[in-house]
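The values are calculated or read from the model by the stated rules, or taken from the named source; none is laboratory data. Nothing here was measured: the structure is a model prediction, and the numbers come from that model. Here the Cβ is made from the backbone with ideal geometry for all residues, glycine too, and neighbour counts use every protein chain on show. These accessible areas exclude ligands, DNA and RNA; they are computed on the full protein's heavy atoms, side chains included. Shrake-Rupley method; radii C 1.70, N 1.55, O 1.52, S 1.80 Å.
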Amino acid sequence: MQIFGVDIGGSGIKGAPVDLDRGDLAQERCKVLTPHPATPDGVADGVKQVIDHFGWTGPVGLTFPGVITDGATVRTAANVDRGWIDTDARALFSGKLGGLPVTVVNDADAAGVAEMQFGAGRDRRGTVILLTFGTGIGSAVFVDGILVPNTELGHLELSGHDAERRASSKAKEDHELTWEQWAHRVQKYLEHVEMLFSPQLFIIGGGVSRKADKFLHFIDGIKAEIVPAQLQNNAGIVGAAMRAAQESA
């Protein structure tokens, strides 16, 4: 079974049909740049461009970098235009896509669902926290495999700032940090999250998961196991498709 998944990020919008039996992309993904400012209409146009690339006409799952309530309404917009707040994202995207069935889910939650089903979190019990490091820091918290939605742990305070302003991969680039310097910031963040939640496992996702060998060995003193996401930066696409399949069943 195939469903289309789209992952909307602060820097890029990427998508592809997903093979839900394998938990992997059925075709090579298409990516376009996220417009700046990332207004609702501009982002929706980018999503349409990605979907039109494949000529897709079925259900579509979409991630969004913010809190989503009732499967439709955007409540926060930290790394996109503030015009998103209170937008009915499902209606916006469906209208732009000619009425296709659309499902919208928090981006980190989608990545987490995919990792728990097909990746590093498979068959893991207890508290598991996936953290995506990109333009911001997304989070997905699971207790015995059950998602606690919209946790947004990237906005915890770290050294007097939102954690994502200090420890996201964008912060690494903005401050021209070495991998070791950045890893020390990530470690402080993980220590804070561990103090609050005492997880058994941290899964590190986002684009940096492809480069785990460059920084994970610098992180120590964390009691929880730390592993890179197995689906890497495709986890959000897969998770979005999974959620769309559930709604269209």
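Evaluation of Gln187 against the conditions (1) crowded, with 18+ Cβ neighbours inside 10 Å; (2) in contact with a strand residue (DSSP E or B) (Cβ under 9 Å, 6 or more places away or on another chain); (3) under 25 Å from Ser11 (Cβ atoms) shows that the sole unmet condition is (2).
Filter segment 198-249 for residues that are outside any helix (DSSP H, G or I) and of a type in the set (Asp, Glu) and give the result.
Filtering segment 198-249 down to residues outside any helix (DSSP H, G or I) leaves 198-206, 215, 219-231, 249.
Those that are outside any helix (DSSP H, G or I) and of a type in the set (Asp, Glu): Asp220, Glu225.
Mind listing whichever residues of segment 128-157 are within 16 Å of Leu196 (Cα to Cα) and open to solvent by 20 Å² or more (accessible area, probe 1.4 Å)? Selection gives Val143, Val148, Thr151, Glu152, His155, Leu156, Glu157.
The single condition from (1) surrounded by fewer than 24 Cβ atoms within 10 Å (Cβ to Cβ); (2) out of contact with any Lys or Arg (no Cβ under 9 Å at 6 or more places or on another chain) that Pro65 fails is (1).
For Ile203, the test of being touching an Asp or Glu at 6+ places or on another chain (Cβ under 7 Å) and either charged (D, E, K, R) or without any contact (Cβ under 8 Å) to a residue 40 or more places away in the chain (or both) is failed.
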